[in-house]
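Please read the structure below before turning to the comments.
Taken together, the values in this text are just the output of simple stated rules run on the coordinates, not laboratory data. Every value quoted in this text rests on a predicted model; they were computed, and no experiment measured them. Neighbour counts are summed over all protein chains in view; Cβ atoms, including those assigned to glycine, are modelled from backbone coordinates with ideal geometry.
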Amino acid sequence: MKIIYEGKAKRLYPTDNPLEVLMEFKDDATAFNGKKKAVFDNKGRINKQITLLLYQFLEKAGVQTHFVRDHDETKMIVQRVDIIPIEFVVRNVVAGSLSKRIGLEEGAALTRPIVEYYYKNDDLGDPMIAPDHIRALNLATDDELERIRDEALTINRLLTGFFRDAGLRLVDFKVEFGRRHPDLQDIVLADEISPDTCRIWDLETNEILDKDRFRRDLGQVMESYQRIWERISGHAAHC
C-alpha cells in the first residue's frame, strides 16, 4: 500500500474512507532524536496491543481518541487528524531530563503533576517551549492549549490509577493531540500510548520497564514491554 506518512515508530496508509487511515506500529526503536537506532522483533505488535487496550480504557472513561477499530496484530484504523505539533509531557516522578534540569534526585515523587510542552520539530531537536512560544508560533490557541492541558491531566489521573492497580508506577508520559477531519474543530487524543512514550516502573521495586531500557543499554527491552502488557491485560480482564 502507498505510505502517506512514516515516522520513527509508525506508518500511515490510506483507506477507502477519506476520513480514516490505517496506522501501523513498526519494530524500529529510536532514541536521542534518532541518533540511536535498533529493531526489536514484536515491538510493533506489543506497542499496538498496549495502545489499543489503553485507548479502549480511556474511551470508556470519556476521553475522545482517534481510534476507530482494530485491524490486525500491528495495525489499527484511526480517524484522520491534523496533529498539533506539540508533545505534551506529564510528569509524576522526577526522571530523565527533569532530574538534570531541576537538580532533584531521580525517583523523587512530585507533589503534583507537571505538564511540559515540546515543539515537534526534528531539525530543532524537539525543544521544550512555553505557552508564549506556542502563541508566537501559532501552534494552538489559548483555549485549545487550556483544554488539552486539562485533558492531559485527566488522562494522567486515569492512567496512574490503572497502572497502579496493575502493580506499575506511571512515572511520566508523552501524548499528542490532533484536530479531527473534516472540520478540524474537535481535538482528540492521537498517536500512541506505549512503553515507547511512557516511563513505567515496577510499583514495588522501581525496576525500569520502558524505553529507558533501550536508551540506557539495560537489555531485556522486549521482555520488559511484554511484562507491562501481561500486567495491564491481566488487570483489564478483571476490571
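Data overview
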read-out: Residue exposure sequence - E230, E116 - by fewest surrounding Cβ within 10 Å; value: E230, E116
read-out: Most positive-pole-ward Cα, F163, G219, H71, against dipole of the chain from beta carbon charges; value: G219
read-out: Of L168, L189, L19, the one that fluctuates the most in a GNM where the chain has Cα springs shorter than 10 Å; value: L19
read-out: Gaussian network model of the chain, springs between alpha carbon atoms under 10 Å - residue of I155, I129, I102 with greatest fluctuation; value: I102
read-out: Chymotrypsin sites (Phe, Trp or Tyr not before Pro) restricted to DSSP loop in the range 1-92 with at most 12 other C-beta within 10 Å; value: F32
read-out: Phi to ³J(HN,Hα) by Karplus 6.51 cos²θ - 1.76 cosθ + 1.60 over the range 150-157, Hz, x for Gly, Pro; value: 4, 5, 4, 6, 5, 4, 4, 4
read-out: Fewest-first ranking of T154, T197, using other Cβ atoms within 10 Å as the exposure measure; value: T154, T197
read-out: Computed lengthening from A130 to E230, 0.36 nm per intervening residue step minus Cα-Cα distance; value: 32.3 nm
read-out: K26 long-range amide H proximity, modeled H, under 5 Å; value: K10, R11
read-out: Tensor-based shape of the range 128-221 (alpha-carbon gyration tensor, a/c under 1.5 rounded, otherwise prolate or oblate); value: prolate
read-out: For a label point 7 Å along the Cα-to-beta-carbon line of H238, residues of the range 143-169 with backbone N under 17 Å; value: 161-169
read-out: Sequence-distant residues sharing a close amide H with R199 (under 5 Å, placed H); value: V171, D172, F173
read-out: Under-5 Å amide H pairs with V93, H placed in peptide plane, nonlocal only; value: L110
read-out: For the range 92-153 versus the range 46-74, the gap between their alpha-carbon centres in whole angstrom; value: 24 Å
read-out: Footprinting exposure proxy for M222, M128 (fewest neighbouring C-beta atoms within 10 Å first); value: M128, M222
read-out: Estimated vicinal HN-Hα couplings, Hz - the range 159-171 in sequence order (Karplus 6.51, -1.76, 1.60; Gly, Pro = x); value: 6, 4, x, 4, 5, 4, 5, 9, x, 10, 10, 7, 6
read-out: Karplus-derived HN-Hα couplings along the range 121-128 (A = 6.51, B = -1.76, C = 1.60, θ = phi - 60°), whole Hz, x at Gly and Pro; value: 8, 4, 4, 9, x, 6, x, 6
